[in-house]
Amino acid sequence: MSQEGAVSASAVPLEELSSWPEELCRRELPTVLPRLLLFYSMYQHSDSWIEHIQILKTIVQVFLPHMNHLTLEQTFFSQVLPKTVKLFDDMMYELTSQARELTSQNLEIQTTLRNILQTMVQVLGALTGCVQHVCATQESIILENIQSLPSSVLHVIRSTFVHCKNSESVYSGRLHLVSDLLQALFKEAYSLQKQLMELLDMVCMDPGVDENDDILNMVLVIHSLLDICSVISSMDHAFHANTWKFIIKQSLKHQSVIKSQLRHKEIITSLCEDILCSFQSCLQLAEQMAQSRAQDTADNRLFQKILKLCRFLANSLLHYTKEFLPFLSDSCCTLHQLYLQIHSKFPPSLYAAGISQAQQEEIEGTFLITLDPLITQLLTFQPFMNVVLDSKLELPCELQFPQCLLLVVIMDKLPSQPLDVQTLWCTESRVSVSLLKAIFCSFEQCSGELSLPVHLQGVKGKGHVEVAVPLYQHVCVHLCAFITAFHPSLFPELDAALLSAVLSANMISSLLAMDAWCFLARYGTAELCAHHVTLVAHLIKSCPGECHQLTNLSILLRRLFFFMAPPHQVEFIQKFAPKEAENLPLWQHISFQAFPAELRKQTAHEVVRVGAAQTRRWLGGSRTVGELEWLNTALSALLAVNNSASEALDIGQQTAVMEAGSQLWAFLNTNLVTGQPYVQRTLSLLFPLLGFFIQTLDSQLISQVVTLQASLLKLEPPDHVRLAVLDFVSSLGKLFISPAIQDKIVPNLCSIFALLLADRNWLLEQHALEAFTQFAEGTSNEEIVPHCLSSEETKNKVVSFLEKTGFADETVAARVERVKQEKGIFWGSLATVTLEEAKWSSSQPCAKRARHEPPVEEEYRSALQAATGALEAIEVLLQKSPAPDWLPTEMQLLQEKIDELKRRGLQD
């Protein structure tokens, strides 16, 4: 054709171009296409939208099939697609701007908006034609040859989905006027994305090339689809899943060339967010179904659909993590939080949704089970370990229980891992604590879950049905199982963790450590048990006075002693001979029931002999308050013997203990007790010791004890003194109180029970109820019992205790809510304590707490009361028996000391 013919052909109307035969289109392409492209590039205003779209459609439908596929980017895509994106964006802006004016009466706006939507549908259709053409003409695609196409298409698709997602708010209740075209727009974008993903699946990349435009283009495509995922997550579950499937597939397919270019953190974060969002939707639907209790087939189908999406997304995360683990250092916190968030919203968490048991099991079996291999994959990754065991980790209340569960899961998996992985988790570093110490620290944060308690799936044994077990049992069983598989090279870490937890100020974690230690003593060799007993004994002897560490160690020693072999018990007796006074601090903490009968008798006799001698030595010496610490140790050892080996004592030894106690009583009075902590300790030991001999005590002494107790309670003594009072008065149930002394004893006894049963300290109240019950059930003076119940409230409290009724009016939901609030209040005050601080504070004995200094005048009064009490005690003794020879000399020294203090006071 001549040049003139070509020019005239290019001026043919668009409608006629569409009817050209293929041969003519192919021949005229070099001439017609540039003119069409030139006109298309002249787009300026919305008045020419329709015409420009017609040009685009004509190019795609008529001339695109005849273009050289190797030059598509240069001749067509790079020139047309950026302008098409600009055209689409302008239409979207116009659509959004005018949508607020849409009404059923405003037909002009309605027509305008519908025309824009129809034009946008045509744009998407033209882009679909471009994608289909590339797919049809190429078996293997190089992105560089079509690089403008994916980016432009993805931009238009995302813009479309965002508009559809926001349509409710954009059209403000008038959505029905354009809903048919919006639906068509969504379907066209949906189809376009599917076609584009088919095209991208055909892309080939050279694995030998590290850096080129193809790599950057593919990375851009993946991240653009990632952005689209966040838009469509709540619009179409199947489409959402397919988009993620494609992202993961392409990431793995081109892994060797794009692995260092992908923004892995963004992918992991987006995937975790979608998993969590889908899981929450699943739980909300399950909760709704549980509340309605109706078998709605549609709801159930939707539940199953969302649950499958959760499983798919979790599997996608699993595959991606497996392949790109070395690049996920900065994603470990996200993965950790995902696990915690999921388990915080799922039973048995206090913060879980209320769903049926059937749905709970279905979610566990379908979705949660996929998170287990994820943790296995992450075990070998040190950055993940650093996040989980971070020494400065602070979690909100709702995530503390899931953290404990996660640590137990990790603990279960470690034995199957190589030694280097076990070492990684079980040793401390500059930034992390060991797994065992983290478990104890996390466990003590689960106060609410322990107090309810929550129940978890138990371990199924042979011939036993699997039952749910409380959290304490769950952790303890798994901890003991872990100990059995502990590598010998890591035993120092195990010892350090157990000892640190035993020394902890937290009672429940200390108890867990003791249970685990006792299991270790039974599971290990007899020599290991003996070694541990000796170690604990030395620690007890080195403890600086009364502290919680001493209390915890003494409980542990008492329990471990029962697991010692008799020969090792003999060695222990030889090493820490009870006949040596310096060992009494140790023997006061040992239960003599742990010994065989003959050994029990022998050691009990020696402890009683030394303890009684220490008591007599104090009575026959200067009897200073400063020496009361040794006296208290002797009394405590005597009490230990009577508690656990009283049957091993002969009459003479029992009499010696009773007489020692009776003689000590003469030195005690109310003023002396309230003024000196050591004297308070003496009294709290003497009360239960006298209670053992209640049936042989002099009635006058019993009357004096009860009188002093009644007076003492009105002065609000420390709790340990009140508990000792309860020990004594409960033993009065064994005694027949004769009418001759009832007038002296009964009023004070009733006063004691009335005060202690009304105490607001829950521990004292509980012990008071137990002591009163023991007294009431044992006493033959039944007429006294009603007089001890001074008020209707106290009567109701005792009746409730006897009938074992508690918070009968508290529902399960109310109890859970109460526990959550208590946990929030409790943990809020401790939230500033990090794991690192807890580690150091629990591994070293605490310094003695500084005594709160009262005003100086009160100190003087307290000291003077103590001195007056001591002088009154001497006066009572002088009335009973002659003074020893040394007393006048000591009294003269005391008088000189008083004169010296008087002179110093006058000078000041």
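Taking the residues in region 386-398 that are buried (at least 21 other Cβ atoms within 10 Å of the Cβ) and at pLDDT 95 or above as candidates, determine which candidate is farthest from Gln473 (Cα to Cα).
Val387
Just one of the numbered conditions (1) among the aromatic types (Phe, Trp, Tyr); (2) surrounded by 20 or more Cβ atoms within 10 Å (Cβ to Cβ); (3) within 56 Å of the chain's Cα centre (by Cα) is not true of Tyr93; which one?
Condition not satisfied by Tyr93: (2).
Yes or no: Phe346 touching a helix residue (DSSP H, G or I) at 6+ places or on another chain (Cβ under 9 Å), surrounded by fewer than 18 Cβ atoms within 10 Å (Cβ to Cβ), at negative phi and aromatic (Phe, Trp, Tyr)?
Here the answer is no, as Phe346 does not meet what is asked.
For the structure I just gave you, tell me whether Arg558 is basic (Lys, Arg), touching a residue at least 24 places away in the same chain (Cβ under 8 Å), in a helix (DSSP H, G or I) and closer than 22 Å to Gly691 by Cα.
In short, no.
Could you tell me whether Ser159 is touching a residue at least 24 places away in the same chain (Cβ under 8 Å), hydroxyl-bearing (Ser, Thr, Tyr) and in a helix (DSSP H, G or I)? Even if it seems obvious, please write down each step before you answer.
Numbers: touching a residue at least 24 places away in the same chain (Cβ under 8 Å): yes; hydroxyl-bearing (Ser, Thr, Tyr): yes; in a helix (DSSP H, G or I): yes.
When the stated conditions are applied, Ser159 passes them.
Could you check, for region 624-634, whether at least one of its residues is under 25 Å from Leu499 (Cα atoms) and not aromatic (Phe, Trp, Tyr)?
Yes, because at least one residue in region 624-634 is under 25 Å from Leu499 (Cα atoms) and not aromatic (Phe, Trp, Tyr).
Might you check whether a residue that is out of contact with any Leu (no Cβ under 7 Å at 6 or more places or on another chain), without any contact (Cβ under 8 Å) to a residue 60 or more places away in the chain and under 23 Å from Pro688 (Cα atoms) occurs anywhere in region 631-639?
Yes, that holds for at least one residue.
For region 289-323, what are the residues that are within 29 Å of the chain's Cα centre (by Cα), farther than 15 Å from Pro373 by Cα and buried (at least 16 other Cβ atoms within 10 Å of the Cβ)? If you could, list the steps in order and put the result at the bottom.
The first filter runs over region 289-323 and keeps only residues within 29 Å of the chain's Cα centre (by Cα), leaving 289-291, 303, 306-322.
Now restrict to residues that are farther than 15 Å from Pro373 by Cα: 289-291, 303, 306-310.
Within region 289-323, Met289, Ala290, Phe303, Ile306, Leu307, Lys308, Leu309, Cys310 qualify.
I need every pair where a residue in region 738-764 that is of a type in the set (Asp, Glu) has its Cβ under 6 Å from the Cβ of a residue that is surrounded by 12 or more Cβ atoms within 10 Å (Cβ to Cβ) and part of a helix (DSSP H, G or I), sequence separation at least 6 or different chains.
Asp759/Glu765
Just to be sure, is His531 surrounded by fewer than 18 Cβ atoms within 10 Å (Cβ to Cβ), of a type outside the set (A, V, I, L, M) and under 21 Å from Thr551 (Cα atoms)?
yes
Have a look at Val729, Val746, Val725, Val706 and point out the one that is assigned to a helix (DSSP H, G or I) and within 41 Å of the chain's Cα centre (by Cα).
Val725
Residues in region 765-821 that are closer than 22 Å to Gln695 by Cβ, out of contact with any Cys (no Cβ under 9 Å at 6 or more places or on another chain) and not aliphatic (A, V, I, L, M): how many? Can you show your working first?
Initial filter on region 765-821 (closer than 22 Å to Gln695 by Cβ): 770-785, 788.
If we keep only those that are out of contact with any Cys (no Cβ under 9 Å at 6 or more places or on another chain) as well, we get 770-771, 773-774, 777-783, 785.
When the remaining residues are screened for being not aliphatic (A, V, I, L, M), the result is 770, 773-774, 777-783.
Summing the residues that are closer than 22 Å to Gln695 by Cβ, out of contact with any Cys (no Cβ under 9 Å at 6 or more places or on another chain) and not aliphatic (A, V, I, L, M) in region 765-821 gives 10.
Run down Ser48, Ser78 and say which single residue is of a type in the set (Ser, Thr, Tyr), in contact with a helix residue (DSSP H, G or I) (Cβ under 8 Å, 6 or more places away or on another chain) and either modelled with pLDDT of 85 or more or more than 26 Å from Ile141 (Cβ to Cβ) (or both).
Numbers: Ser48 fails: in contact with a helix residue (DSSP H, G or I) (Cβ under 8 Å, 6 or more places away or on another chain).
Unique residue meeting the criteria: Ser78.
Pairs needed: first member in region 321-335, part of a helix (DSSP H, G or I); second member anywhere, surrounded by fewer than 17 Cβ atoms within 10 Å (Cβ to Cβ) and of a type in the set (Lys, Arg); C-beta distance under 6 Å; at least 6 residues apart or different chains.
If the second residue must be surrounded by fewer than 17 Cβ atoms within 10 Å (Cβ to Cβ) and of a type in the set (Lys, Arg), the pairs left are Asp330/Lys265; Ser331/Lys265.
Just one of the numbered conditions (1) among the β-branched types (Val, Ile, Thr); (2) touching a Lys or Arg at 6+ places or on another chain (Cβ under 8 Å); (3) surrounded by fewer than 17 Cβ atoms within 10 Å (Cβ to Cβ) is not true of Thr137; which one?
Unmet for Thr137, out of (1) among the β-branched types (Val, Ile, Thr); (2) touching a Lys or Arg at 6+ places or on another chain (Cβ under 8 Å); (3) surrounded by fewer than 17 Cβ atoms within 10 Å (Cβ to Cβ): (2).
What's the total number of residues in region 348-371 that are closer than 28 Å to Tyr320 by Cα and not in a helix (DSSP H, G or I)?
Residues flagged as closer than 28 Å to Tyr320 by Cα and not in a helix (DSSP H, G or I) within region 348-371 amount to 1.
Within region 162-179, count every residue that is surrounded by 18 or more Cβ atoms within 10 Å (Cβ to Cβ) and assigned to a loop (DSSP other than H, G, I, E, B).
Going through region 162-179 one residue at a time, the tally reaches 3.
In the set Ser504, Ser510, which member is surrounded by 19 or more Cβ atoms within 10 Å (Cβ to Cβ), without any contact (Cβ under 8 Å) to a residue 60 or more places away in the chain and in contact with a Ser or Thr (Cβ under 6 Å, 6 or more places away or on another chain)?
Matching residue, one of Ser504, Ser510: Ser510.
Considering only helices (runs of 4 or more DSSP H) fully contained in region 581-646, which possess at least 2 residues that are farther than 18 Å from Ala660 by Cβ?
Counting at least 2 such residues, we get 584-587, 597-620.
The values are calculated or read from the model by the stated rules, or taken from the named source; none is laboratory data. None of these values were measured; they are calculated from a predicted model. Backbone-built Cβ (ideal geometry, glycine too); neighbour counts: all protein chains shown.
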